[in-house]
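The values are calculated or read from the model by the stated rules, or taken from the named source; none is laboratory data. Values in this document were obtained by computation on a predicted structure and should not be read as measured data. Quick reminder, even Gly has a Cβ in these numbers, built from the backbone with ideal geometry, and neighbours come from all protein chains shown. Please note that ligands, DNA and RNA were not included when accessible areas were found on the heavy atoms of the full protein model with its side chains. Shrake-Rupley method; radii C 1.70, N 1.55, O 1.52, S 1.80 Å.
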Amino acid sequence: MGDTALILGEVFLDTLSYWWVIIPTIFLGLIVGGVPGFSAANTIIILMPLTLSMDLEMGLVFMVSLYCSARMGAGIPAILVNIPGTAGAAATPLDGYPMTQQGRGQQALAMTFVASSLGGLLTTIIALAAMPILARVGFYMHSVEMIVVMLFGISLIASIAAEDMLKGLIAGFLGLILGCIGTDVIYATPRGTFGLLELYDGVPLIPALVGLFAVSEAFVIIEKKMIITKAAQATMAKPSWAATFEGAHIAFQRWWHIVWTSIIGLVIGVIPGAGASIASFVAYQQSRSFSKTPELYGTGHPEGLIAPESANNGVTSGTLVPLLVLGIPGGATAAIMLVVMQYHGVSFGPSLFENQPKIGYGMFMAMAVSYIFMFFTILPLSRYMSRVTTIPTIYLAPMIISFTLVGAFVPREYIFDMYLALGFGVLGYIARRTGYHVAAILIGVILGPLLEKYFLWSLKKSEGDVSILFSSTIGNILWLCLVLSLALPPFLEYRRKRKAKVT
Amino acid sequence: MNNKNEKSHRLMGEELLIPAFAVIFTLYFLSTIWHSPWTAKVSAYLIATVLMSACGLFFLKTGLLVKRGKASLGFGKVFSKEDITGGRVGLALLTIGYCYFIEDLGFTLTTFLFLAASMLVLGKGKRPSLILVISALMALGGWVVFIWAFDTHFPMGWFETTMKELL
């Protein structure tokens, strides 16, 4: 114990000495996280020669800082212009963007920075302390359990559909069937591809995200001079530090909310392949389900913003657990980290913490230090970042279209993906205009293929016997949690109303 | 008052666009898996059942509202005359042009032309010199950050190739 504390102290000081790497990387991460298509993983790949030329410790500090800050950066355009930088921030605009429209963009940014930094820092510490236990989560999560986790995410459609159940279901299930496009996972039979080879791998996520959120939003905002309301323009004309402090204060007041939603992110992050988008949807849905004011969600409610942001930053530390303990990367960025570490001859598993403890603990420490630096460097910027909303839409809309459409091209380098984004843009525009939620469509596109994959694996294992879905203890506990999380809120609401009637 | 009128007479024609698309696409999707193994079908059948039922209910609801005179099958929010005068149609055409020309002209030049043309269309031709400066700065900024500094694989054209040879 004493030895570990000594190592941790030493590693902390070592990591601090890399401040000159961490601070510029944070700003780089904010940029690449904010532009759809430019994920941290892509940037690390692009900068691979640079990373490999650094010594291992510095390379890891660089990659980890970039990973954390890109995650936080994805939330900035989601709040300010309703365009999530990555799928992990797709739940952020649900409450973040209404806040911006009300002229509370600065508060929203401050809130998200506090929630992300605190959530990330807290889950890093928890991951460090509970690594052996958390590592087992990945072992016990098989296809059956994953189906229930996916259903937790998909149940957000029901929340979104609360205002108009039919429209919510149509949007969500349209997303799910669009997500089924491509070859099936067992026999590779092409389905709904219109004969286009580019769709055989399924609907790529970035063009869908760009189209549904960015392109459609650009075509909607041109109706107004600015994206914020006239009343909000008056507020924004006199920016002050008070708004930043107010946002930070609101987030700190909800510290318990940050704690439990970031732990949702941590646990989902530990499951290889799950990822930030599922975590943020699940956290948002759970936050809404157990809120005393669920009707405020979607109108610019602080908890609706804090939940997905804490959760998607909780995922970052979660993905490191299976990577370091089992050598299984939990996502694309973790996979690239694995390659770099293997290049430097690092071996994974329990031996890593015995033979090279400074590397094992160092990655978590780099994450913790990055979050501390991020808190102090980015929070003051919220005052200036929120000024984006005062740019006239005649300049903003074309910029959004050009830079996000080309972002849709980057991951696969197909011009087809730009047209696909345009197609999703038309769908998103019609959906926005006619009262269908684009987030519900996106949830379907993201989670549909994953749900199908795990469902088919389960059925294949059981030779078509559906009862396999209720065959595992963990799975059954998760089913119970899912049913409770869906049934309890309406029941509690009913009781509250009855009590109010009696009194 | 306006709100009340809107609620009492909804334009349901445009609200049917998404369900209509959903039904057409689902039917097409099912036609592509008709003779496929069950693994390719099972999930799609489950989703299609819920989706078609939801769309069916929505069509029924619309029919009832129209019959009671509370709604009409009109359009108003999705497409109107203002879309032409306000520049939305122009922006849409320019966006299609952006996707079409970017492969040959490359990122920087196409982005500059697209930004300048669409800002001029949306701004109704006002402040052309400011628009040209902003467009040039944005396109060049994009080239510096993404292509020159990060070597991102953007569509290459005359400008990118020339700059690569020069630098």
Query - Filter result for the condition that a residue is of a type outside the set (V, I, T), closer than 30 Å to A:Y18 by Cβ, under 23 Å from the mean Cα position of the chain (by Cα) and open to solvent by 20 Å² or more (accessible area, probe 1.4 Å), over A:M365, A:M374 - result: A:M365
Query raised in the report: Is there a residue being free of Cβ contacts under 8 Å to residues at least 60 places away in the same chain, assigned to a helix (DSSP H, G or I) and under 26 Å from A:G318 (Cα atoms) anywhere in region A:405-420?
Result: no
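Residue-wise test of (1) at pLDDT below 85; (2) among the hydrophobic types (A, V, I, L, M, F, W, C).
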| residue | (1), (2) |
| --- | --- |
| A:I328 | yes, yes |
| A:I336 | yes, yes |
| A:S347 | yes, no |
| A:T377 | no, no |
| A:M418 | no, yes |
Query raised in the report: What tally of residues in region B:95-109 results from selecting those that are surrounded by 21 or more Cβ atoms within 10 Å (Cβ to Cβ), assigned to a helix (DSSP H, G or I) and of a type outside the set (S, T, Y)?
Result: 4
Query raised in the report: Within the set of pairs 6+ apart or on separate chains, which have a first residue in region A:283-301 that is in contact (Cβ under 8 Å) with a residue 12 or more places away in the chain, a second that is of a type in the set (A, V, I, L, M) and assigned to a loop (DSSP other than H, G, I, E, B), and C-beta atoms under 6 Å apart?
Result: A:Y284/A:A91
Query raised in the report: Counting only residues that are within 11 Å of chain A (Cβ to nearest Cβ) and surrounded by fewer than 20 Cβ atoms within 10 Å (Cβ to Cβ), which one in region B:139-153 is modelled with the lowest pLDDT?
Result: B:F150
Report task. From A:G428, A:G407, A:G435, A:G448, grab the single residue that is within 24 Å of the chain's Cα centre (by Cα), farther than 30 Å from A:L326 by Cα and at the interface with another protein chain (Cβ under 10 Å from one of its Cβ atoms). Result -> A:G407
Report task. Select from region A:320-347 the residues that are without any contact (Cβ under 8 Å) to a residue 40 or more places away in the chain and buried (at least 20 other Cβ atoms within 10 Å of the Cβ) and write down the one among them that is farthest from A:T51 (Cα to Cα). Result -> A:L323
Requested in this report: Determine whether region A:54-64 contains at least one residue that is in contact with a Pro (Cβ under 8 Å, 6 or more places away or on another chain) and either among the charged types (D, E, K, R) or modelled with pLDDT under 85 (or both).
Outcome: no
Requested in this report: Consider only pairs whose beta carbons are under 8 Å apart and that are at least six residues apart or on different chains; among these, list those whose first residue lies in region B:150-165 and is closer than 16 Å to B:Y98 by Cβ and aromatic (F, W, Y) and whose second residue is open to solvent by less than 40 Å² (accessible area, probe 1.4 Å) and not in a helix (DSSP H, G or I).
Outcome: B:F154/A:V410; B:F154/B:G106; B:F159/B:G106
Report summary line: Here the qualifying pairs (Cβ atoms under 6 Å; residues six or more apart or on different chains; first in region B:16-27 and buried (at least 17 other Cβ atoms within 10 Å of the Cβ); second at pLDDT below 95 and outside any helix (DSSP H, G or I)) come out as B:I18/A:Y436
**Report entry** Verdict on B:E160 being under 25 Å from A:P392 (Cβ atoms) and either surrounded by fewer than 18 Cβ atoms within 10 Å (Cβ to Cβ) or at pLDDT below 95 (or both)
**Finding:** no
**Report entry** Members of region A:175-216 that are more than 11 Å from chain B (Cβ to nearest Cβ), farther than 27 Å from A:L459 by Cβ and surrounded by fewer than 20 Cβ atoms within 10 Å (Cβ to Cβ)
**Finding:** A:L196, A:L197, A:E198
Query - Top-ranked residue in region A:381-399 [being open to solvent by 20 Å² or more (accessible area, probe 1.4 Å) and within 23 Å of the chain's Cα centre (by Cα); ranked as farthest from A:G103 (Cα to Cα)] - result: A:L381
Requested in this report: Return the only residue of A:P24, A:P93 being surrounded by fewer than 24 Cβ atoms within 10 Å (Cβ to Cβ) and of a type outside the set (S, T, Y).
Outcome: A:P24
Requested in this report: For B:K61, work out the one condition from (1) more than 8 Å from chain A (Cβ to nearest Cβ); (2) closer than 25 Å to A:Y436 by Cβ; (3) among the basic types (K, R) it doesn't fulfil.
Outcome: (1)
Query raised in the report: Does at least one position in region B:82-90 carry a residue that is open to solvent by 80 Å² or more (accessible area, probe 1.4 Å), in contact with a Leu (Cβ under 9 Å, 6 or more places away or on another chain) and facing chain A (nearest Cβ under 10 Å)?
Result: no
Query raised in the report: Within the set of pairs 6 or more residues apart or between chains, which connect a residue that is part of a loop (DSSP other than H, G, I, E, B) inside region B:117-144 to a residue that is not β-branched (V, I, T) with Cβ atoms less than 7 Å apart?
Result: none
Report summary line: Over region A:452-483, the set of residues assigned to a helix (DSSP H, G or I) and of a type in the set (S, T, Y) is A:Y454, A:S458, A:S467, A:T473
